[in-house]
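Reading through the structure tokens given below for one structure.
The values are calculated or read from the model by the stated rules, or taken from the named source; none is laboratory data. Quick caveat, the model's predicted, so the values are computed rather than measured. Methodologically, a virtual Cβ is constructed for each residue, glycine included, from the backbone with ideal geometry; neighbour enumeration extends over all protein chains shown.
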Amino acid sequence: MKGIVFTEFLELVEDKFGLKMVDTIISNSNLESEGVYTAVGTYSFSEMLQLLQHLSENTGISIDNLLLVYAEHFFSVIERSYPGLLATYKDPIEMISSIENHIHVEVRKIYPDAELPTFEVTNKTENSLVMIYKSSRAMHHFGLGLMNKTFEHFNATATIDLEKIKEDGTEVRFVIHKN
Ligand code: HEM
């Protein structure tokens, strides 16, 4: 997992819960990096999982909800860092249905070692989209948060339902209806 995902995560934790919480979740975890991350480095996903688990234990907020809120923050990082990529799109359904064939293809050019999910579009109309998310990292709520913010970015709203195809969340169907 890319360092930028860790550095932005720890900044958000500091903003919302304070520096003491950052120290607590780092010292509760067994981290090869020792909790020192650079934006361009690459670190094991298990480090993110441990940080999320300890943050969840210390705040009582579920990992899914933490990932949702984190993704909403991460979208502003994307807006700041990749304005050109977002400017390619005029419509949220077009953008979200292009993650697999365009957006994450570009991400992989920037970060060849990025660990990305796959999104398969199974149904698409002007105002609706059905996609299958697959990833061993089960970060579907991170995807949900990015989708929410994508609609907001285009001054639109949507109803997004998430149906687990696999119990462990490694395969999930997103059913999206633009309002
Ligand atoms: C992961 C970039 C849009 C879904 C990532 C990562 C980056 C990235 C850098 C982390 C890779 C790693 O840590 O190795 C971008 C950029 C986007 C974009 C620049 C837009 C310009 C989206 C959108 C979605 C999405 C709209 C909505 C579904 C995900 C998910 C992950 C991810 C779910 C977590 C990894 C996983 O589930 O396996 N993306 N992304 N991305 N992205 Fe995107």
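Observations
Okay, residues lined up against (1) small (Gly, Ala, Ser); (2) over 20 Å from the mean Cα position of the chain (by Cα):
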{"position": "Asn28", "(1), (2)": "no, yes"}
{"position": "Tyr37", "(1), (2)": "no, no"}
{"position": "Gly41", "(1), (2)": "yes, no"}
{"position": "Leu49", "(1), (2)": "no, no"}
{"position": "Gly60", "(1), (2)": "yes, yes"}
{"position": "Ala71", "(1), (2)": "yes, no"}
{"position": "Ile78", "(1), (2)": "no, no"}
{"position": "Ile93", "(1), (2)": "no, no"}
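- Tally of residues being of a type in the set (A, V, I, L, M, F, W, C), out of contact with any helix residue (DSSP H, G or I) (no Cβ under 6 Å at 6 or more places or on another chain) and more than 10 Å from the ligand (Cβ to nearest atom) across the range 121-149: 3
- Filter result (in a loop (DSSP other than H, G, I, E, B) and touching a Ser or Thr at 6+ places or on another chain (Cβ under 9 Å)) within the range 118-141: Ser135, Ser136, Arg137, Ala138
- Among residues of the range 68-86, those that are buried (at least 19 other Cβ atoms within 10 Å of the Cβ) and more than 9 Å from the ligand (Cβ to nearest atom), counted: 2
- Options Glu115, Glu152: the member that is near the ligand (Cβ under 8 Å from one of its atoms) and surrounded by 14 or more Cβ atoms within 10 Å (Cβ to Cβ): Glu115
- Extreme residue, modelled with the lowest pLDDT, among residues of the range 77-122 that are β-branched (Val, Ile, Thr) and out of contact with any strand residue (DSSP E or B) (no Cβ under 7 Å at 6 or more places or on another chain): Ile110
- Boolean, Lys90 is of a type in the set (D, E, K, R) and either more than 10 Å from the ligand (Cβ to nearest atom) or without any contact (Cβ under 8 Å) to a residue 12 or more places away in the chain (or both): yes
- Counting residues in the range 23-40 that are buried (at least 19 other Cβ atoms within 10 Å of the Cβ), within 13 Å of the ligand (Cβ to nearest atom) and touching a residue at least 12 places away in the same chain (Cβ under 8 Å) gives one or more.
Let's see how each residue does on (1) over 23 Å from Phe9 (Cα atoms); (2) without any contact (Cβ under 8 Å) to a residue 40 or more places away in the chain; (3) assigned to a helix (DSSP H, G or I):
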{"residue": "Val107", "(1), (2), (3)": "no, yes, yes"}
{"residue": "Gly143", "(1), (2), (3)": "no, no, yes"}
{"residue": "Met147", "(1), (2), (3)": "no, no, yes"}
{"residue": "Asn155", "(1), (2), (3)": "yes, yes, no"}
{"residue": "Ile160", "(1), (2), (3)": "yes, yes, no"}
{"residue": "Val172", "(1), (2), (3)": "yes, no, no"}
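- Filter pass, Asn127 being farther than 26 Å from Met1 by Cβ and in contact with a Lys or Arg (Cβ under 6 Å, 6 or more places away or on another chain): yes
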